[in-house]
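A.B. asks: Supplied in structure tokens, the structure appears directly below.
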Amino acid sequence: MSGLRAWGAALMLALALTGAPAVAGPQPDEILDDPALEARARALSADLRCMVCRNESIDESNADLARDMRLLVRERIEEGDTDAEVLAFVVERYGEFVLLRPTTDGANLILWISAPAMLMLALIAAGVYLRRREGAPEIGADDLSEEERARLDALLRERG
């Protein structure tokens with residue numbers, strides 16, 4: 001039983017030493033006084049990617065850069081920017097990769113269309129291949145010459 005306690009204590013110590021904060025998202029000093037503005041800020045933060053954590057929104061991330069981005073979003077909202085203006089400002093500053101849901105216009109349109117187009121081309125190519133293969137003559141024992149047939153029979157007799 002003491003071995004189990006030692007493992008439990010080691011696990012507790014390891015968890016305590018990780019130093020990871022327990023809560024992600026806006027810190028109390030970041031939250032806006034106006035609940036409507038704070039709701040807008042949270043909604044916008046949920047759509048912006050943390051540039052450190054990659055697939056986390058800045059609303060979920062504990063990274064210092066995510067905090068800076070949350071403060072930037074709240075600052076722009078307090079200055080009276082619309083949601084679209086805030087997003088445009090952040091995209092201009094950090095690039096379009098910052099959006100968790102990329103736009104479907106411009107160069108991104110090629111990316112949105114290329115995957116389904118490649119799938120369709122692969123299905124068409126597979127269909128053409130299977131149709132051609134279906135029409136090909138089948139090679140079997142009937143196509144052997146007498147000499148080949150005799151050699152095959154001799155080989156089968158040796159093995160069996």
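A.B. asks: If I ask for residues that are at pLDDT below 90, surrounded by fewer than 16 Cβ atoms within 10 Å (Cβ to Cβ) and over 21 Å from E92 (Cβ atoms), which ones from segment 37-62 would you list?
C.D. replies: L37, N55, E60
A.B. asks: Kindly indicate the residue of segment 19-36 that is of a type outside the set (A, V, I, L, M, F, W, C) and at pLDDT below 60 and also farthest from the chain's Cα centre (by Cα) among those meeting that condition.
C.D. replies: Looking at residues that are of a type outside the set (A, V, I, L, M, F, W, C) and at pLDDT below 60, I get G19.
A.B. asks: Which of the residues that make up segment 96-110 are touching a helix residue (DSSP H, G or I) at 6+ places or on another chain (Cβ under 8 Å), of a type outside the set (S, T, N, Q) and part of a helix (DSSP H, G or I)?
C.D. replies: E96, V98
A.B. asks: Only one of G135, G127 is surrounded by 10 or more Cβ atoms within 10 Å (Cβ to Cβ), of a type in the set (G, A, S) and more than 30 Å from M69 (Cβ to Cβ). Can you tell me which? Full working, then the answer.
C.D. replies: Details: G135 fails: surrounded by 10 or more Cβ atoms within 10 Å (Cβ to Cβ).
When all the criteria are applied, what remains is G127.
The values are calculated or read from the model by the stated rules, or taken from the named source; none is laboratory data. These figures come from a predicted structure and were not determined experimentally. Methodologically, a virtual Cβ is constructed for each residue, glycine included, from the backbone with ideal geometry; neighbour enumeration extends over all protein chains shown.
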